[in-house]
Amino acid sequence: MVARFGRFHQEDSLRGTTTDIAAVLMYAVGALLVVAPMAIAIGGGVAILFAVQAREMHAFAKKLRDEDLKAVMRFVLITCIILPVLPNRVFGPLEVFNPFETWLMVVLIVGMSLGGYILTDMDAITLSTARLARDGDPLLLAEGWRVIVAAGLANLVFKAGIVGVMGNRRLFLQILWLFAIPIVGGTLLLLLWPL
């Protein structure tokens, strides 16, 4: 492994000492999975990821509003910190409460909420596109409909995903067939309509 690092380091001038150290530490995290609890190894891996990507993450975080950053950090907290340490076994006199599975539902709900928040807000996209087109933006006068159709399609895909995760199989198949028509039609319209 050390010999490979030396060879790659000579071939790729973009790699630095930080990358090499991170690779060795991630190897150690993998070895730690064998001898230590999984939560410790996951925490170590996340810490290394944050350390290596700190500069890029800082630039990305500057672009986020405070409420966006708080939502992302809450999701990281409940997913990477709390979930791995919860016991995955049943408790109680009727043996019906499993803390890990219960918290997994919390992670799922918060993740879907965050995904919907980040993915698209069709109404906001439609309103802002309409306002820009009204103000005479020549690009949006010609192509604004594409932005609005793409936002609507993304919204449909997200809603189908929610039904697939939260609903039963029969409902998901019904929604899938119903949503497939506008999704396929809208996608073809976006791809094939001349610019």
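Here the spin labels are modelled as points 7 Å beyond Cα on the Cα-Cβ line, and at residue 95 and residue 169 they lie 2.6 nm apart. The calculated pair-distance distribution of the range 66-119 uses every alpha carbon pair, bins of 5 angstrom beginning at 0, and gives 4, 20, 23, 20, 13, 9, 6, 3, 1 percent. Here, the range 121-195 is characterised by an Rg to Rh ratio of 1.09, where Rg is the alpha-carbon radius of gyration and Rh the Kirkwood radius.
A short reminder: the numbers here are calculations on the coordinates, not readings from a lab. Predicted, not measured: the structure shown is a model, and the values here were computed from it. When we count neighbours, we look across all protein chains shown, and the Cβ atoms used for this are built from the backbone with ideal geometry, even at glycine.
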